[in-house]
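Below: the structure, in structure tokens.
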Amino acid sequence: MNQCNYQKELEKIIDTLGRDAAEPPRLLLHSCCAPCSSYCLEYLCTYFHITVFYFNPNISAEPEYRHRAAEQRRLIAAYNAKETGHPIEIAEGDYDPRRFADMARGYEHCPEGGERCFRCFELRLRETAQQAAAGRFDYFGTTLTISPLKNANKINEIGQALGVECGVRWLPSDFKKKDGYKRSIQLSAEYELYRQDYCGCAFSRAEREKNKNCFRKD
């Protein structure tokens, strides 16, 4: 079965837009963290007026959540200071990890990258789509597709369906392509961003600890 090239779909949309247009389309971009957003913002900010929507109730520990949110704000401030694109705004959703816990109930034993993760994508993208529709944004999207560990096809399928349901255009993407993920690592080093080694939920944290123990020498 042929899979859609979502990076090419994004490029087709960008080709219709004027770089640094006086009235760029408004994009509500869900972000999972500053490192993942770094390349996405660099790439998109000359074509869109971006509002980063930081909504991640999957992060189980509040100090971890606050740390990541602060890094997101710091990166946006640094980008805006450079004035290399349209100003970037940020909106933070409610932090209520109970929403993730309720969603994950019954899926506790799913492997990482499986159905529980797909439901987590849907949870975060649904809120983004609803906020985008309420705010009359032209597009909504997510930085999640930059990760080599995330299923970009599934993320785009969910986003497209929610766009139809909520009446707002989905911005397709596969940001890891064309060295996007590599560029995000470079930018993370340049801005000295905190790069976490798990997605944020209790399940991914447990998986990280298990993998560490597997390689730990006695």
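Only the coordinates and a few stated rules stand behind these numbers; no lab work does. A quick note: this is a predicted structure, and the numbers were derived from the prediction, not measured. Don't worry about glycine lacking a Cβ; one is built from the backbone with ideal geometry, like all the others, and counts go over all protein chains shown.
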*Does anyone have the angle between helix 34-44 and the longest principal axis of the chain? Alpha-carbon axes, 0 to 90°, nearest 10?*
20 degrees
*How long is the gain from R208 to K182 if the chain were fully straight, where each residue apart is worth 0.36 nm and the alpha carbon distance is subtracted?*
7.2 nm
*Using 0.36 nm per residue of separation minus the Cα-Cα distance, give me the extension gain between K82 and A22 in nm, one decimal.*
19.8 nm
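In debye to the nearest 20, how big a dipole does segment 1-133 give about its Cα centre with +1 on each Lys and Arg Cβ and -1 on each Asp and Glu Cβ?
80 debye
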*Residues with amide H under 5 Å of E89's amide H, sequence separation 5 or more or different chain, H placed in the peptide plane at 1.01 Å from N; which?*
I50, T51, V52
_For segment 28-81 and segment 89-147, what is the centre-to-centre distance using only Cα atoms, to the nearest Å?_
14 Å
*Lysine pairs, Cα distance under 13 Å, 8 or more residues apart or cross-chain: how many in the chain?*
5
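For segment 94-208, what does the alpha-carbon gyration tensor say about shape, rounded, prolate or oblate, given a ≥ b ≥ c as the root eigenvalues, a/c under 1.5 as rounded, and a/b over b/c as prolate? Mind dumping the intermediate values first?
Details: a/c = 1.64, a/b = 1.06, b/c = 1.55.
In terms of gyration-tensor shape, oblate.
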*asked:* With the crude spin-label approximation of a point 7 Å out along Cα→Cβ, what separation in nm comes out for Q3 versus D15?
replied: 2.3 nm
*Residue separation times 0.36 nm, minus the C-alpha to C-alpha distance between E62 and Q130: what's the value?*
22.0 nm
